[in-house]
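Contents: one structure, followed by commentary.
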Amino acid sequence: MAELVYPPVIGTARAWFKALDLRFDIQGTEHIPARGGAVLVSNHISYLDFIFTGLTALPAKRLVRFMAKDAVFRHKVSGPLMRAMKHIPVDRSQGEHAYKHALEALRSGEIIGVFPEATISRSFTLKDFKSGAARLAQEARVPMVPMALWGTQRLWTKGRKRDFGRNHFPISIRVGEPMHAAPEESATGLTARLRQGVHELLEAAQGAYPAKPAGPHDSWWLPTHLGGTAPTPAEARAL
């Protein structure tokens, strides 16, 4: 079936990135499978992460179908777009429907995008991972592709106003090698291994990030262990 909506949306996003003068540093896109199903797994620090995560699949000429909370699908603007792009709504009170939908998509050869932290991390460190991504990959017998985003929180994140000015923000993205589940591996063990892979990629993205805070007032986007003033993980849980 022809993709009538997704490509124009991608074109619009790229034009917007150019207007914002974002500076991209993307590495590892060769790890995105050129064909067949896969679960693309990323950390979550911004409301815009699904857009940046999807960019990594474009060199392989793939489109990512994201699992997103059903409220997004009920919005009068985003809802029709999300459905037309074949993303998957997740009703947390009835998660089995979304799981089945994602499993069918994986088996038909789609790439499914998952944020296993479930919500944005206010501390900008990795939260605990839900096991759904690992279970999907195991049941569909497809690889998981870990990745990490850094810098996207400076555009729009929880508890902060949007900043869509021409601030030349760098955006660092790292994609890791596909991970495969061993036949005897538990979903818990696989989830732990997946989280460690994303953690290593996040550290690599942070280490390569070329920008520093302009001063104490601008250190909100750095986690405390890197000298910033973002909430600690404990404070973020309380929020």
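Restricting to region 204-226, count the residues that are touching a strand residue (DSSP E or B) at 6+ places or on another chain (Cβ under 9 Å) and either surrounded by 14 or more Cβ atoms within 10 Å (Cβ to Cβ) or outside any helix (DSSP H, G or I) (or both).
6
Restricting attention to region 163-184, report how many residues are farther than 19 Å from F52 by Cα and either modelled with pLDDT of 95 or more or of a type in the set (K, R) (or both). Walk me through how you get there before you give the answer.
In the first step, residues of region 163-184 are kept if they are farther than 19 Å from F52 by Cα; the result is 179-184.
Narrowing further to those that are either modelled with pLDDT of 95 or more or of a type in the set (K, R) (or both): 179-180.
Matching residues across region 163-184 total 2.
Kindly list the number of the only condition in (1) surrounded by fewer than 17 Cβ atoms within 10 Å (Cβ to Cβ); (2) in contact (Cβ under 8 Å) with a residue 24 or more places away in the chain; (3) outside any loop (DSSP other than H, G, I, E, B) that fails for G36.
Condition not satisfied by G36: (3).
Mind counting the residues in region 67-100 that are hydrophobic (A, V, I, L, M, F, W, C), in contact (Cβ under 8 Å) with a residue 12 or more places away in the chain and under 17 Å from L4 (Cα atoms)?
Within region 67-100, the first condition is being hydrophobic (A, V, I, L, M, F, W, C), and the residues that meet it are 67-68, 71-73, 77, 81-82, 84-85, 88, 90, 98.
When the remaining residues are screened for being in contact (Cβ under 8 Å) with a residue 12 or more places away in the chain, the result is 67-68, 72-73, 81-82, 84-85, 88, 90, 98.
Retained after the next criterion (residues that are under 17 Å from L4 (Cα atoms)): 81-82, 84-85.
The total comes to 4.
How do the pairs read when you match residues in region 219-239 that are modelled with pLDDT under 95 and among the aliphatic types (A, V, I, L, M) with residues anywhere that are loosely packed, with under 14 Cβ neighbours inside 10 Å and not in a helix (DSSP H, G or I), using Cβ under 8 Å and keeping only pairs 6 or more apart or on different chains?
Cβ pairs passing all conditions: L239/G159.
Any idea which residue in region 39-60 is nearest to G113 (Cα to Cα), counting only those that are hydrophobic (A, V, I, L, M, F, W, C) and free of Cβ contacts under 8 Å to residues at least 40 places away in the same chain? Give the steps one after another, and end with the answer.
The first filter runs over region 39-60 and keeps only residues hydrophobic (A, V, I, L, M, F, W, C), leaving 39-41, 45, 48, 50-52, 55, 57-58, 60.
With the extra rule that they be free of Cβ contacts under 8 Å to residues at least 40 places away in the same chain, the set shrinks to 51, 60.
Working: I51: 11, A60: 15 Å.
Within region 39-60, the match that is nearest to G113 (Cα to Cα) is I51.
The values are calculated or read from the model by the stated rules, or taken from the named source; none is laboratory data. It should be emphasised that the depicted structure is a prediction, and the values quoted were computed from it without experimental measurement. In this analysis, Cβ positions are derived from the backbone assuming ideal geometry, glycine residues included, and neighbour counts consider all displayed protein chains.
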